[in-house]
Amino acid sequence: MWFLPLGGCREIGMNLNLYGHAGQWLMIDCGLTFNAPLNPDNDYQEHVKRYPLVAPDPDFIEQRKDLLSGIIITHAHEDHLGAIPYLWQRFQKPIYTTRFTAEVLRRKLSEFEFGHQVKIIEVSPLEEHVIGPFSVQWLPITHSLPEPCGVVIKTPAGKVFHTGDWKLDSQPVVGEGLNRDYFAQLGSQAIDAMVCDSTNALKHGNSVSESACESGLYHYVNLAPKRVVISCFASNIARLITIARVAQRTGRRMAVFGRSLVNMIGIARRTGYWPEDCVLIDRRHVGYLPEHEVLIVATGSQGEPRAAISQLAKDAHRDMTLQANDTVIFSTIIIPGNEQPIKQLVNLLQQRGVHVVQSHEALLPIHASGHPNEQELRSMYKWVKPSISVPVHGEPEHLSRHGVIAKESGVKSALVGQNGDLFQLSAPVMVKRNAVTTRRISIQRPD
Ligand SMILES: [Zn+2]
Ligand SMILES: [Zn+2]
């Protein structure tokens, strides 16, 4: 039983994992990342303008595509599925995923000529599918969007629990709270290895529940004297529903600015996640409402220059002009590498007299991370009891801290490695360092 990460190991973003057994491979996730902090070369600005996104080079598996049994997508974040439209033609294998993720993927693929050729097999949580020599069971977990799943991969040579992105959240606002029984049951199944999210391994204690954001957001919206604009990640349907509830409680009407928000709410409606009583108003009607009745949700929390919030800051948005004493709330984190554009955006807003609330400065929670802190990792290791821990989805310091936490939680060995290392997860357990050459490739979005 082999594990071979081509992306996402010693970095956060562009996950592409391969599992190998009996001469066959199984791909888990196929994601993108922003280019900006990663390739600072001479023609940096020009390069970023032309190729704002990068993906893992899939050459290794493309050369062996006849041996690839299928592709699993754990959830609908860009760092897990964003590269499918750009790379899928290189392997052309069926994709297995849950319904919400399938819907997101279909919408993306509809912009590509070959999109209709992609075979997407919808899987329900807890179902088991045989894909080549791999028997795969989907385990529902909690994260920061609908239907995230971890997968248990079983072969005669070994069993692996690949967690995907997760946190322990008893009240995720959308979907069921985390059911620890699923993971406790793994504890009696002699799981060989757990390949696990390291993003917040350096953070102590437990993460904040998604449901805790409502009181924080209510506080700041309720204080706001005039119009309110909130920026959050479009895929976080739970957060959007929380904001809609806050709008109801504060007597405001909610509209959304930005294509990805419109798309995601459309998908949430289609898949039954959007509550019918959360009514949105047409963005073109915002200008006719009294200022204290307006609540806008806008794209662009990471300072993306063409997104709605940057347009508002530059007074270039067609539907609204921000004025002094309006409030802008960033219900997100600053993704490392985006500090500079976000700072510029905040400065621009403050120069216009707008009150800005950012989650790292707010006294009350207005953002909840979707990844496990130290205590949550410890709980998961205590339940699953794997023999081996393979920390992924993190930078070097996250991976090594995660390895220490795993060992302190009773795991025999923690294999900390990087993209291109080949991990043998069944006896004799070992890592062939740099077994495969990996690199990033640039992606050009269609216009
Ligand atoms: Zn991720
Ligand atoms: Zn994620």
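Numbers at a glance
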| read-out | value |
| --- | --- |
| First in region 112-140 and free of Cβ contacts under 8 Å to residues at least 40 places away in the same chain, second anywhere and among the aliphatic types (A, V, I, L, M), Cβ under 6 Å, 6 or more apart | 115/109; 118/109; 120/95; 120/102; 122/102; 129/136; 137/152 |
| Helices (runs of 4 or more DSSP H) (entirely within region 48-96) containing at least 1 residues that are within 16 Å of ligand 2 (Cβ to nearest atom), within 25 Å of residue 166 (Cβ to Cβ) and modelled with pLDDT of 95 or more | 78-81, 84-87 |
| Residue list for region 322-348, filter: farther than 21 Å from residue 33 by Cα and among the acidic types (Asp, Glu) | 326 |
| Positions within region 345-359 being touching a strand residue (DSSP E or B) at 6+ places or on another chain (Cβ under 8 Å) and outside any loop (DSSP other than H, G, I, E, B), in sequence order | 346, 349, 350, 355, 356, 357, 358 |
| Residue among 405, 388 that alone is more than 16 Å from ligand 1 (Cβ to nearest atom) and within 30 Å of residue 84 (Cβ to Cβ) | 388 |
| Any hit, region 108-126, residues being in the same structural domain as residue 30 (by TED's automatic domain parsing), under 20 Å from residue 195 (Cα atoms) and either within 14 Å of ligand 2 (Cβ to nearest atom) or outside any loop (DSSP other than H, G, I, E, B) (or both) | no |
| Region 6-17: number of residues that are more than 9 Å from ligand 1 (Cβ to nearest atom) and either of a type in the set (A, V, I, L, M) or not assigned by TED's automatic domain parsing to the domain that holds residue 34 (or both) | 3 |
| Hits in region 280-302 - residues which are under 19 Å from residue 241 (Cβ atoms) and in a helix (DSSP H, G or I) | 283 |
| Filter result for residue 151 (within 16 Å of ligand 2 (Cβ to nearest atom) and either over 22 Å from residue 239 (Cβ atoms) or in contact with a strand residue (DSSP E or B) (Cβ under 6 Å, 6 or more places away or on another chain) (or both)) | yes |
| Considering residues of region 328-344 that are in a loop (DSSP other than H, G, I, E, B) and of a type outside the set (Val, Ile, Thr) only, the residue surrounded by the fewest Cβ atoms within 10 Å (Cβ to Cβ) | 336 |
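Per-residue answers, yes or no, for (1) modelled with pLDDT of 95 or more; (2) among the small types (Gly, Ala, Ser); (3) surrounded by 21 or more Cβ atoms within 10 Å (Cβ to Cβ); (4) over 30 Å from residue 9 (Cα atoms):
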{"position": "217", "(1), (2), (3), (4)": "yes, no, yes, yes"}
{"position": "227", "(1), (2), (3), (4)": "yes, no, yes, yes"}
{"position": "237", "(1), (2), (3), (4)": "yes, no, yes, no"}
{"position": "248", "(1), (2), (3), (4)": "yes, no, no, yes"}
{"position": "275", "(1), (2), (3), (4)": "yes, no, no, yes"}
{"position": "281", "(1), (2), (3), (4)": "yes, no, no, yes"}
{"position": "285", "(1), (2), (3), (4)": "yes, no, no, yes"}
{"position": "292", "(1), (2), (3), (4)": "yes, no, no, yes"}
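The values are calculated or read from the model by the stated rules, or taken from the named source; none is laboratory data. Only a predicted model underlies this, so the values are computations on that prediction, with no experimental measurement involved. Cβ sites come from the backbone with ideal geometry, for glycine too, and all protein chains shown count toward neighbours.
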